[in-house]
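Quick note: the coordinates plus some simple rules give every number you see, no bench work behind them. All values reported here derive from a predicted model rather than from experimental measurement. Virtual Cβ from ideal backbone geometry, glycine too; neighbours counted across all protein chains shown.
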Amino acid sequence: MRALLATFSWQELRHHPWRNAAAVVAVMLGVALAFSVHLINASALDEFSSAVRSVNGQPDLELRAVQGGFDERVYARVAAHPQVQLASPVLEVQAAADTSDAPSRRVSLRVVGVDALVLPTIAPALMPQPAANAPRYSLFAPDAVFVNAAARNLLGADATTLRLQSGSDAKTVAIAGTVAAGGAALAVMDIGAAQDLFGRAGQLTRIDLRLAPGTDRAAFTRSLEGATDWPAGIRIAEPGDAAERVSNLSRAYRVNLTVLALVALFTGAFLVFSVLALSVAKRAQQFALLGVLGLTPRQRLRLVLIESLVLGVIGSATGIALGTALAAFALRVLGGDLGGGYFDGVAPTLRWRGGAALLYGALGVAAALVGGWWPARAAQSLPEAQTLKGLGAAPSRGLGHRIAIVLIAAGALLAGAPAIFGIPIAAYLSVGLLLVGGITALPWLIALLYDRIAPLFAQRVLPMLAIERARRMRGTAAVAVSGVVASLSLAVALTVMVASFRDSVTRWLDV
């Protein structure tokens with residue numbers, strides 16, 4: 001087998017470099033598209049989620065005390081970090097509250113001390129809204145609180161003052177306005193006033209962080225926690241409900257990119273199949289001669305598979321390099337929102353990982369082997385005598401058109417199926433079935449078309465020869481067309497994905 005590779009296969013490569021280069025390019029493009037989509041997904045998703053959190057008013061990370069509070073000097077340290085764009089100190093105190101009008105109506109109230117100067121961008125729901133008759137600087141008053149709707153309902157709509165008790169001390173404060181935050185009853189006040197009111201000077205319970213664009217949150221967390229002087233009692237994590245608070249738009253972004261990556265791999269496999277099948281068809285007489293000289297059908301199968309493996313390895317290696325370049329270019333030119341312009345400040349940084357590169361390289365090699373399997377089977381089943389005479393194999397009249405009709409019908413039915421957990425899984429399967437069904441129907445459609453137009457060119461030699469060749473070698477013609485169909489499907493998938501993504505963003509921003 002090694003001798004055949006060094007002579008027969010190498011001579012094929014030497015005499016027809018462009019034909020084999022086309023197979024390498026097919027694998028390379030499939031891997032490059034899939035890997036670049038993965039890199040865009042991994043690199044831009046964090047930035048896109050950060051942009052979504054920025055619009056929704058949500059921090060990227062929280063620093064929380066494992067128990068109690070921590071020294072506020074930690075705030076000065078993280079606020080000065082070059083990868084921190086904004087830091088918001090928070091002091092949370094659980095207190096018992098009642099009003100002077102109804103002292104017996106005591107409720108549990110969470111008092112949140114905040115810095116009103118940074119709230120509008122990091123937590124707008126907690127931004128105090130002073131009442132019409134409140135003093136001008138009530139946001140910073142030492143005895144003013146702003147309550148949400150739940151607290152107002154518990155304390156009474158007419159309440160103007162509150163008595164807050166935490167521990168043994170009770171303090172009276174004025175209700176100076178409201179906040180838009182939902183959920184359980186809470187009151188917001190200036191963080192300095194809260195520290196003085198509850199005797200927590202120099203203490204914080206939480207710091208909300210907005211990271212600079214391009215910051216890797218995992219690497220940032222490791223750098224802080226890995227510092228030798230980092231306080232042991234502080235935990236760095238995403239907000240507790242981050243998975244729910246990052247909107248469905250972010251999930252749609254991930255799903256669309258993942259499906260596009262699968263379509264790219266699918267397209268790459270079809271392009272490999274198309275090129276290798278045509279290559280085997282053009283070398284059919286050489287394979288038949290080798291069979292007459294003693295090369296068994298199984299050895300012919302192995303020979304073509306090894307050829308496809310070599311092409312797959314070369315194509316995958318170059319595809320990883322090209323995919324990296326494509327991802328870097330897309331992130332720099334289009335950004336994390338695919339050029340939509342919705343988050344102009346988002347500047348994703350390319351995040352390349354060796355494990356992912358090996359995985360997609362292996363997928364490219366697997367795609368090459370899958371694409372080369374049917375050509376290898378064709379080389380294995382060649383009838384030597386007929387092929388050497390130039391007759392080839394008789395065209396098969398199987399059930400291909402019936403299978404195609406079933407696949408297309410199933411795809412049409414799935415297109416109208418409802419989404420599962422908000423993800424149109426059935427629609428994605430529908431696209432795949434329609435594509436496979438269309439390619440399966442190609443030999444039948446080609447025969448149907450050329451049987452109709454052949455009589456029209458019976459008196460013209462060159463068109464007649466071309467039409468008759470396509471009629472009698474419909475499988476080869478279908479293979480050539482299938483590569484075009486698969487490539488076009490990728491372009492359509494990309495166009496539809498970007499258009500639907502932009503429409504989703506527009507609707508989300510309009511809500």
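Here the gap between L456 and Q286, fully extended at 0.36 nm per residue and compared with their Cα-Cα distance, gives a gain of 57.7 nm. Model label sites at L445 and S108, defined 7 Å from Cα along the beta-carbon direction, differ in position by 6.6 nm.
Beta bridges per DSSP, both residues in the range 59-245: antiparallel share near 80 percent.
How long is the gain from V313 to D216 if the chain were fully straight, where each residue apart is worth 0.36 nm and the alpha carbon distance is subtracted?
Length gained between V313 and D216: 31.8 nm.
For the listed peptides 87-98, 352-363, a ranking on the average number of other beta carbons within 10 Å per residue, highest first, reads 87-98, 352-363. On the beta carbon distance between R353 and S223, with R0 = 22 Å, the FRET formula returns roughly 0.80. Calculated on C-alpha atoms, the gyration radius of the range 59-245 divided by its Kirkwood radius gives an Rg/Rh of 0.99. Compared with the alpha-carbon gap, the fully stretched path from L413 to D71 is longer by 117.0 nm at 0.36 nm per residue.
What is the calculated FRET efficiency for A174 to L86, with r their C-beta to C-beta distance and R₀ = 25 Å, to the nearest 0.05? The calculated FRET efficiency here is 0.30.
Taking amide H as placed 1.01 Å from N in the peptide plane, D60 has its amide H under 5 Å from the amide H of L209, R210, L211, each at least 5 places away in sequence or on another chain.
Evaluated at q = 0.14, 0.25, 0.27 Å⁻¹, a Debye calculation over the C-alpha positions of the range 158-226 (equal weights, vacuum) places log10 I(q)/I(0) at -0.68, -1.24, -1.34.
Approximating the spin labels as points 7 Å out from Cα along Cα→Cβ, the A3-to-R402 distance works out to 4.8 nm.
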